[in-house]
Amino acid sequence: MKAMIIEKYGKIPLKLADMPVPTIGENDVLAEIVAASINPVDFKIRDGKVRMLKKFNMPLILGNDFSGVVKQVGKGVTKFKAGDQIYGRATKDRIGTFAEYIAIDENAIAMKPKNLSFEEAASIPLVGLTSYQAFHDVLKLSAGQKVLIHAGAGGIGTFAIQLAKTMGVYVATTASKAGYELVKSLGADQIIDYKNEPFEKILHTA
Ligand SMILES: NC(=O)c1ccc[n+]([C@@H]2O[C@H](COP(=O)([O-])OP(=O)(O)OC[C@H]3O[C@@H](n4cnc5c(N)ncnc54)[C@H](OP(=O)(O)O)[C@@H]3O)[C@@H](O)[C@H]2O)c1
């Protein structure tokens, strides 16, 4: 299969290469990838900045989230069958969504919402999980509380603002002038231009 790989760490372009189609384990599905999104962590892995936390073998196929279609299922798979349209986030030890196929545990995928295109669905897993884990699992936010979301116009910020508003939370966010209209349209209650205003003073006196 075709895949975008690195052979060593560094700020260098990814290389288009022929790689073997991955073999599936008992609880894996083999997914044909339709769309994948690019996140800052992909650059950080390529640059070698994640080396202290996680060692990868080379050549390494980059990419963490994707949408696609199930082609084959392992013997232990119970929730998916060939032909299912799915999206998901590769586990940290088996990344590699910038490719034609990925073998992925069935617990790392879900059915693609029918009202989303493959491209839209592929943009969600990493930012969605990060935002959900932060608000739900760690902060245990509830309606009526307030949250500060830095970088509201970024990949994480745009998802996090919408999730927080869905949870009934008041959202203050930082954004430059260029991102103002975007974060406002997503429902931010208070927008702080981080280039010109000290967010910590504004929020502490609010
Ligand atoms: N993407 C993910 O799934 C994910 C998951 C876990 C962790 N993270 C981490 O979260 C961070 C943001 O990721 P991202 O995907 O949202 O990146 P991104 O899409 O590249 O967005 C970066 C945003 O940062 C804003 N920004 C830059 N300097 C700022 C400052 N001093 N104060 C406030 N905002 C500032 C910019 O806002 P303006 O355009 O308004 O200037 C830009 O919109 C990265 O460090 C990333 O590694 C990301």
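The numbers here are math on the coordinates, done by the rules we state, and not lab data. This is a predicted model, so every value here is computed, not measured. Using ideal geometry, Cβ is built from the backbone for each residue, glycine included, and neighbour counts are taken over all protein chains shown.
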(message) Just to be sure before I move on: is Ile95 more than 15 Å from the ligand (Cβ to nearest atom) and crowded, with 18+ Cβ neighbours inside 10 Å in the structure I sent?
(response) no
(request) Determine whether Phe135 is within 10 Å of the ligand (Cβ to nearest atom) and of a type in the set (Phe, Trp, Tyr). (result) no
(request) Go through region 1-80 and tell me which strands (runs of 3 or more DSSP E), entirely inside it, have 1 or more residues that are within 15 Å of the ligand (Cβ to nearest atom). (result) 28-37, 65-73
(request) Tell me which residues, restricted to region 184-205, are surrounded by 17 or more Cβ atoms within 10 Å (Cβ to Cβ) and either near the ligand (Cβ under 8 Å from one of its atoms) or over 25 Å from Ala121 (Cα atoms) (or both). (result) Ile191, Ile192
